1. Search the range 234-264 for residues being assigned to a helix (DSSP H, G or I) and among the charged types (D, E, K, R), and hand back the single one that is farthest from Phe128 (Cα to Cα).
2. Determine whether Leu185 is in a strand (DSSP E or B) and free of Cβ contacts under 8 Å to residues at least 40 places away in the same chain.
3. If I go through the range 107-161 residue by residue, how many of them are polar (S, T, N, Q) and closer than 18 Å to Leu77 by Cα?
4. Give me the pairs: first residue in the range 28-48 and free of Cβ contacts under 8 Å to residues at least 40 places away in the same chain, second residue surrounded by 22 or more Cβ atoms within 10 Å (Cβ to Cβ) and assigned to a helix (DSSP H, G or I), beta-carbon distance under 7 Å, and six or more apart or on different chains, which are they?
5. Does Leu215 satisfy the criteria of being modelled with pLDDT of 95 or more, part of a strand (DSSP E or B) and hydrophobic (A, V, I, L, M, F, W, C)?
6. Scan Ser208, Ser199 and give me the residue that is assigned to a helix (DSSP H, G or I) and within 22 Å of Lys58 (Cα to Cα).
7. Mind checking which residues of the range 196-254 are within 16 Å of Cys109 (Cα to Cα) and among the small types (Gly, Ala, Ser)?
8. Give, as residue ranges, the helices (runs of 4 or more DSSP H) completely inside the range 40-90 that count at least 1 residues that are under 15 Å from the mean Cα position of the chain (by Cα), surrounded by 21 or more Cβ atoms within 10 Å (Cβ to Cβ) and hydrophobic (A, V, I, L, M, F, W, C).
Amino acid sequence: MKWLKDFYFQEKLDLHYRDIEEIKDWLETEQCVPNSLEEFQILLFLHSNYFDVENTKKTIKSYYKCRADYSELFWDLDLKSANLEKAHDVMTFCVLPELTDDGNKVVLCKLHDSDPASLNFAECLKLFSIVIDTMLYEEGPPNGIMIAFDMEGVKFGHVLKLGIFTVKHFLNYLQTAMPIRIKGLHFFNIVPCTNKIVSLCRPFMSQSLYEMLKLHESIETVFPHISQEIFPKDYQGKAMSMDQFHVSYFKNLLLHQDYLNEEEEKHKILAANNKKNSFIWSMFK
């Protein structure tokens, strides 16, 4: 893993060696999380919590609980399945190659197929999570992550297909479990149904996340937050076009199918063991 050595140097992780060891020891005592994690996984969780050990433990527990409980978002990760291929047909997710001036990664999202009948919201969120997981595995953690969503093509019919429980589950995962530092949410080219989408999400958003959400009538007002030059050509930036990203990002995900399969199997085994243990303990109550 190429990024790990550089990450140790940049973050001066020798200063956090005791934190890493404490997490390893703690994992051995917890029933609802794996008994051990790869060191890079521990580092992702520590980094996302600014190396606060107690908050890191909470995030790890939430991560594995969400992955076990929200099967519609985190199970069945075969990228060649009909559902995920359809999600790819509907959405383009671009992890922009260049960082922002503050060292943040930008994930740019846009409808590729604007027909509401094509949307399976849970599968699109599943694909988004795969994109983040793969990015972290490949590149390690950036300073933070900014999500930019071009709302061109979004219609009221899309709102009807969101699903309140899917929204609730994903936002819970995003805020309490995903091992990233969220630095911004920018929705641009907003459409008439934007307020309905925000109203649906608001009850499940923390105040801090809600304050990060910025709505823009056009992309021009995004550029003070994210430099125009790192955007795709479609937005007069220097990165490849959205159509090129649409093909290339999915090809890259396919290269990591084995990793995704291994992680999914670990989650399923852990979920089954936890369910079995809960049943056994219930018999003695």
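The values are calculated or read from the model by the stated rules, or taken from the named source; none is laboratory data. Keep in mind that this is a model prediction, so the values were computed, not measured. With ideal geometry, Cβ positions are generated from the backbone for all residues, glycine too; neighbour counts draw on all protein chains shown.
1. So the residue we want is Asp234.
2. In short, yes.
3. Counting residues in the range 107-161 that are polar (S, T, N, Q) and closer than 18 Å to Leu77 by Cα gives 3.
4. Going by the 7 Å Cβ cut-off, the qualifying pairs are Leu46/Thr56.
5. Yes: the conditions hold for Leu215.
6. Only one candidate qualifies: Ser208.
7. Listed by number, the residues that qualify are Ser218, Gly237, Ala239, Ser241, Ser248.
8. 53-69, 71-74
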